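The values are calculated or read from the model by the stated rules, or taken from the named source; none is laboratory data. Please read these numbers as outputs of a predicted model, since none were measured by experiment. So basically every Cβ, Gly included, is an ideal-geometry build from the backbone, and we count neighbours across all protein chains shown. To get the accessible areas, we keep the full protein, side chains included, count just its heavy atoms, and leave off ligands, DNA and RNA. Shrake-Rupley method; radii C 1.70, N 1.55, O 1.52, S 1.80 Å.
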Amino acid sequence: MRSAEFGVTVRFALLAVVWGASFLFIKVGLGGLSPGQVALARVGLGALALAVLLLVRRRPLPRDPVLWGHLAVVSVLLCVVPFLLFSWAEQYISSGLASIFNATTPLVTMLLAAAALPEERFTPPRVLGLLLGFAGVLTIVGVWHGIDVSHQLTAQLACLGATTCYGACFVYLRRFVSPRGTDPVVVAFGQTASATVILGLLTPVIAATPVRLDLPVVASMLALGVFGTGIAYAWNTRIIAAWGAANASAVTYLTPVVGVLLGVLVLGEPVSWNQPAGALLVVLGILAAHGRLRLRRSTRAEAELVRR
């Protein structure tokens, strides 16, 4: 494996771990902060960490207003809306379940990429993957229990809304930002800084409630902001540029493993059988969509070899 490809692979693995732990950090942060405050702290600390990184590397900020416009759109799709939705949702569902829903991002990305990117059109494997993923979502929700419009169901729908934003952003980055060749750290800083400004303007509406700070809350916000939002977003932008929108978003099918384990071990969260079962269907859907489930072809090939 070439050194450049190895570096992208390492970033991919680290990104899965960091983003998997992010759902735990959100849950702990909600112990002293409102959802809006969690989202604001996350992007603010992330932007600060990336600003330090830019100063150390002496990277200038772009002067192109068009690029800043694109980064503002990215900040809404990748930071503002999904961070608010996930933070709100985790008031009513476990961190592990939120991380499982996050794994639907590659399938949503695939659906949106097929409409927006000519090189990522629908193929039979991708259609199969989407069907398996849809079945996985229905299993996670537990549709056999009936539709009960409660905070828990609404929270699960909010998680799906957040992953839809992620999917749209992966495609948007690939189409409008990555081709410009802008430094990934600059891109990550631009989106988190823009998100900080937007959420800051919304503070009187979404983040004006009293704050209770203790060591777990502060530590969680630092980890979530500096690593889960700041440094990780620089890694993510580089991965998208190297591997493409759909492949880069596949990092999210590894995050439930980390998210569920941490939720059980650290917070003692319960796990229903349908949650990992649904997550497995989603993962199978992702593998099928990427052409990695070819058992029938392999069997035929082996039979042909035997006949020869």
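Descriptive notes on the structure:
- Each residue was assigned an accessible area with a 1.4 Å probe, and for S178 the value is about 30 Å².
- Positive end of the dipole of the chain (Cβ unit charges, origin at the Cα centre): among I286, P179, A21, the Cα lying farthest that way belongs to P179.
- Computed on the Cα atoms alone, the convex hull of region 16-137 gives a volume of 148 cubic angstrom per residue.
- Site pair V211 and V264 shows an inter-label distance of 3.6 nm when each label is modelled 7 Å from Cα along Cα→Cβ.
- Exposure of L153 as accessible area (Å², to 10), given a probe of 1.4 Å and all protein chains: 30
- Calculated on the Cα set of region 49-116, radius of gyration then Dmax: 16.4, 43 Å.
- Accessible area per residue was computed with a 1.4 Å probe on protein heavy atoms; R180 scores about 110 Å².
- Across L45, L254, L265, mean-square fluctuation computed from a Gaussian network of the chain (C-alpha pairs under 10 Å connected) peaks at L265.
- Computed on the Cα trace of region 86-240, the radius of gyration divided by the Kirkwood hydrodynamic radius gives Rg/Rh = 1.00.
- Solvent-accessible heavy-atom area per residue, rounded to whole Å², over region 1-150 at 1.4 Å: 45
- Sequence-ordered 3J(HN,Hα) estimates for region 91-98 from the Karplus curve with 6.51, -1.76 and 1.60 and θ = phi - 60° stand at 6, 10, 10, 6, 5, x, 5, 4 Hz, glycine and proline given as x.
- Ranking by accessible area, most exposed first, for E90, E5 with a 1.4 Å probe: E5, E90
- Selected from P125, P210, P35 as most flexible by GNM, with the chain as the system and alpha-carbon contacts under 10 Å: P210
- Scaling against 2.2 N^0.38 Å puts the C-alpha radius of gyration of the chain at 1.02.
- Charged side chains reduced to their Cβ positions (Lys and Arg at +1, Asp and Glu at -1) give the chain a dipole of some 1000 debye around its Cα centre.
- Of V283, V197, V28, the residue with the greatest mean-square motion in the GNM of the chain, using alpha carbon springs below 10 Å, is V197.
- Overall, the accessible surface of the chain at a probe of 1.4 angstrom is composed of carbon and sulfur to the extent of 68 percent.
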